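Here the structure is laid out as structure tokens; the discussion comes afterwards.
The values are calculated or read from the model by the stated rules, or taken from the named source; none is laboratory data. No experiment lies behind these values; they were computed from the predicted model shown. Because the Cβ atoms are built from the backbone with ideal geometry, glycine has one as well, and the counts that use them run over all protein chains shown.
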Amino acid sequence: MSLRAWLAALALLLLGACASLPPQAGRMQTQAFTDTAGTSLGRAFSTSEQAHPGDNAFHLLPNGMDALIARVILSERAERSLDLQYYIWHDDLTGREMAASIMRAADRGVRVRLLLDDLGTNADDRFLLALASHPNIQVRLFNPVANRTFKKLGSAMEFFRVNRRMHNKALIADNQAAILGGRNIGDEYFGASSTVSFGDLDVLVHGPVVRDVSKAFDLYWNSAAAYPIEHLVGRPADPDALRSYRDKLDAYLLAERHSPYVAQVRQRMADVLQAHDEAFSWGKATLLYDDPAKITRAPGDSEGHLMSQFKALDFEPGKDVLIVSPYFVPRSEGVQWLRSMTARGVHVTVLTNSLAATDVAAVHAGYQRYRRDMLEAGVTLYELKPVTSNNEDKMQKQSTFGSSKASLHAKTYVFDRTRIFIGSMNLDPRSVQLNTEIGVYCESAQAATEVADGIGKQIDRLAWRVELQDDGAGQQRMVWIDTAADGTTTVLETEPDVSKLKRAGIWMLGLLPIESQL
């Protein structure tokens, strides 16, 4: 190619990358159905809700397989509406099973609204168009890249806008039940991946708070940042696109029906459906979520922020706090907040990913800058090991942390063993200032204690405890305490299970001025 031709091609790419988003004229606004008490889900919950007026029911989902089954069951039982809002939705086994489930719901006449983050999901527009061609399915993308042909180049050209993402995760069935938490849709979140299993936590809720979840979904769905896929692409799907996708989806799931994971899910689902005494705890609930317009405001503007709503609860822990955040960059203000609690005698425990376990090394570079400060403030600090157990079956059934190749992904905060926040928000600058988040604050001693005990009884075996110890020369060195299954401990003087090269790389990342993006 000649230089002139190369420059012409580059110019075309740049012009294409500067494409603008289509107008939102003609986009229909829709709202959650409010007359759903007569649905099967509404009838199933009515007796227990009448026995707990004003309260909400919480069922924790620490196990990945159970979390998938809960989503499938709600999708299969929905009769009027199914609203889904996710940051990531992978085109893998569990992603396709969920897609098949919502298509079956649509075939029954259920209205399905699917709201996905454009960059997080990075789905094929042709698939989304095909899905949206179903008369009962609507698909919208949040804060999308304008150029659909050269998407990566377009996202680079529009960095300052598309850097702001929708990190929310929610599923709502018939405005009667909802699942909130840290899980996206993909094999690694549901124990189906052979490479990594994210330890995560969701909560299934029913009661008055579900109507608040629906209102939050409507706010995002009808926001200026939510674009119907057909408007973005500029055309409807091909006439046979949906049928073609159904055929491929059915063939794939048929081929996987005898896989070990699918067999386990089938058996587990049969057990769940036969059991009619799912454990629910009860209590007050407050839904906390960012205004979708957050992405249009300056990062330092706290208007409509989830964190501002959290502070407005005006609850000061008096005994203990458990912070579980896979991506944890507290910054100076966060360290000061932790120090203010330990100074009052509050026992603060933080569990985050180790360098060996994290899937986002750059975040660890930001986190390690504050590690010593937190230890000096009296925080009890743990970092998850990448391999938690040799007994995968036992771990799958009992642990919050998934299978043997583990990485923490839960975003959970427990206060005085009486209150708990479960949602999508990490304690890092990106969650607090850049992305949008959602979660539920549950005033339930039973739920809070269940999580605190579930983690506390295993934490020394599942994670390295980070401490400051005297080095014998009047200085304090940072060490990692490794506790074996038999209770014996080993003191490690460098970050465990990572090479010198990786440690050097993280140190270099820590020199870059990128903390506000972490």
If we ask which residues in the range 185-203 are under 21 Å from Asp290 (Cα atoms) and either surrounded by fewer than 24 Cβ atoms within 10 Å (Cβ to Cβ) or not assigned by TED's automatic domain parsing to the domain that holds Val265 (or both), their number turns out to be 0
Per the filter on the range 119-138, residues crowded, with 18+ Cβ neighbours inside 10 Å, in a loop (DSSP other than H, G, I, E, B) and touching a helix residue (DSSP H, G or I) at 6+ places or on another chain (Cβ under 8 Å) are Ser133, His134
When restricted to Val213, Val233, the only residue over 19 Å from Met103 (Cβ atoms) and under 22 Å from the mean Cα position of the chain (by Cα) is Val213
I'd like the full set of residues that are touching a Gly at 6+ places or on another chain (Cβ under 7 Å) and without any contact (Cβ under 8 Å) to a residue 40 or more places away in the chain, limited to the range 349-373. none
Just for the range 170-182: of the residues that are touching a Leu at 6+ places or on another chain (Cβ under 8 Å) and part of a loop (DSSP other than H, G, I, E, B), which one is surrounded by the most Cβ atoms within 10 Å (Cβ to Cβ)? Gln176
Within the range 245-259, does at least one residue satisfy the condition of being under 29 Å from Thr296 (Cα atoms) and touching a residue at least 60 places away in the same chain (Cβ under 8 Å)? no
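Determine whether Val324 is within 27 Å of Ala447 (Cα to Cα) and more than 23 Å from the chain's Cα centre (by Cα).
no
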Could you say whether any residue in the range 331-348 is touching a residue at least 24 places away in the same chain (Cβ under 8 Å) and within 30 Å of Thr195 (Cα to Cα)? no
In the range 344-360, anything over 18 Å from the mean Cα position of the chain (by Cα) and either closer than 20 Å to Leu512 by Cβ or in a helix (DSSP H, G or I) (or both) is listed as Leu355
Of the conditions (1) assigned to a helix (DSSP H, G or I); (2) of a type in the set (Asp, Glu); (3) at pLDDT below 95, the single one that Asp218 does not satisfy is (3)
Pull up the range 138-160, narrow it to residues that are among the polar types (S, T, N, Q) and closer than 19 Å to Leu434 by Cβ, then point me to the one that is modelled with the lowest pLDDT. Ser155
Is it the case, given these coordinates, that Thr286 is β-branched (Val, Ile, Thr), buried (at least 20 other Cβ atoms within 10 Å of the Cβ) and closer than 22 Å to Arg419 by Cβ? no
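Please tell me if Pro299 is assigned by TED's automatic domain parsing to the domain that holds Leu116, in a loop (DSSP other than H, G, I, E, B), within 30 Å of Lys151 (Cα to Cα) and touching a residue at least 12 places away in the same chain (Cβ under 8 Å).
No.
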